[in-house]
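Asker: Handing you this structure, nothing more for now.
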Amino acid sequence: MIDAFIESHYIQSLPFLLKGLVWTLLITVVGLILGFILGALVGLGRLSNKKFIRIICTVYVEIIRGTPILVQVLFIYLGLTEQVIGVNIDKVTASIIAISINAGAYIAEIVRGAVDSIDKGQHEAGRSIGLSKKQTMRYIIWPQAFKRMIPPLGNQFIISLKDTSLFSVIAVGELLYMGKQYYNVTYTPFQTLTMVCVLYLLITIPTSYFLRRLERKMDV
């Protein structure tokens, strides 16, 4: 029975699927790093005293959060680059950009909410000891706010990881796309998609468990 399982498509598909998992993780991690930078800037921009900056940041957040990421990646890969900019970009780059701008909008709200949740007295305390507004943000507000961002940022990682499965529509070699390629040749969709689910769960379940423990520690 063990030999039959090893020879089955559950196991035979693994080397093929692992190649897709590597691309899935690469797109997710790089996209979220860029998304965090973008989200931090936009989130702080939404708290700016300048109305023009607040409006621009708010419009960005509302547009991105109000449209599906599948539409966004198609817009970037097929619409924007070819018809507007006139420059063709590869599928992986388009996927990373889509994850970045999509996650950036949600991270912006995470950043805004975390910074806004810090007691106003902390701002006054910083100014009272001679720190400028930027120094107060850097040394007092941001470290406290960042701790509050960690759990929702972890949740965003899980969401973005699963969102990469939608990029199979533009033939990005991520996990689901590689699964489709495999079962189209072997005619084993049940076994292959079972392994696709298992690989996703091997990433998402430990991450969720770690986040729950982290939240409990931070509440102490």
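Asker: With LEU41, LEU32 as the choices, which residue is open to solvent by 60 Å² or more (accessible area, probe 1.4 Å), under 12 Å from ILE107 (Cα atoms), modelled with pLDDT of 95 or more and out of contact with any Gly (no Cβ under 7 Å at 6 or more places or on another chain)?
Answerer: Step by step, each of LEU41, LEU32 is checked, and only LEU41 is open to solvent by 60 Å² or more (accessible area, probe 1.4 Å), under 12 Å from ILE107 (Cα atoms), modelled with pLDDT of 95 or more and out of contact with any Gly (no Cβ under 7 Å at 6 or more places or on another chain).
Asker: Could you say which residue among LEU80, LEU47, LEU74 is outside any helix (DSSP H, G or I), at pLDDT below 95 and either surrounded by 14 or more Cβ atoms within 10 Å (Cβ to Cβ) or on the phi > 0 side of the Ramachandran plot (or both)?
Answerer: Exactly one of LEU80, LEU47, LEU74 is outside any helix (DSSP H, G or I), at pLDDT below 95 and either surrounded by 14 or more Cβ atoms within 10 Å (Cβ to Cβ) or on the phi > 0 side of the Ramachandran plot (or both), namely LEU47.
Asker: Tally up the residues in the stretch 50-71 that are open to solvent by less than 60 Å² (accessible area, probe 1.4 Å), within 17 Å of ASP116 (Cβ to Cβ) and touching a helix residue (DSSP H, G or I) at 6+ places or on another chain (Cβ under 8 Å), please.
Answerer: Counting residues in the stretch 50-71 that are open to solvent by less than 60 Å² (accessible area, probe 1.4 Å), within 17 Å of ASP116 (Cβ to Cβ) and touching a helix residue (DSSP H, G or I) at 6+ places or on another chain (Cβ under 8 Å) gives 2.
Asker: Okay, next question. Listed residues GLY130, GLY104, GLY113, GLY121; which is closer than 30 Å to LEU70 by Cα and surrounded by fewer than 16 Cβ atoms within 10 Å (Cβ to Cβ)?
Answerer: GLY113
The values are calculated or read from the model by the stated rules, or taken from the named source; none is laboratory data. Predicted, not measured: the structure shown is a model, and the values here were computed from it. Don't worry about glycine lacking a Cβ; one is built from the backbone with ideal geometry, like all the others, and counts go over all protein chains shown. Ligands, DNA and RNA are excluded from the accessible area calculation, which covers all protein heavy atoms including side chains. Shrake-Rupley method; radii C 1.70, N 1.55, O 1.52, S 1.80 Å.
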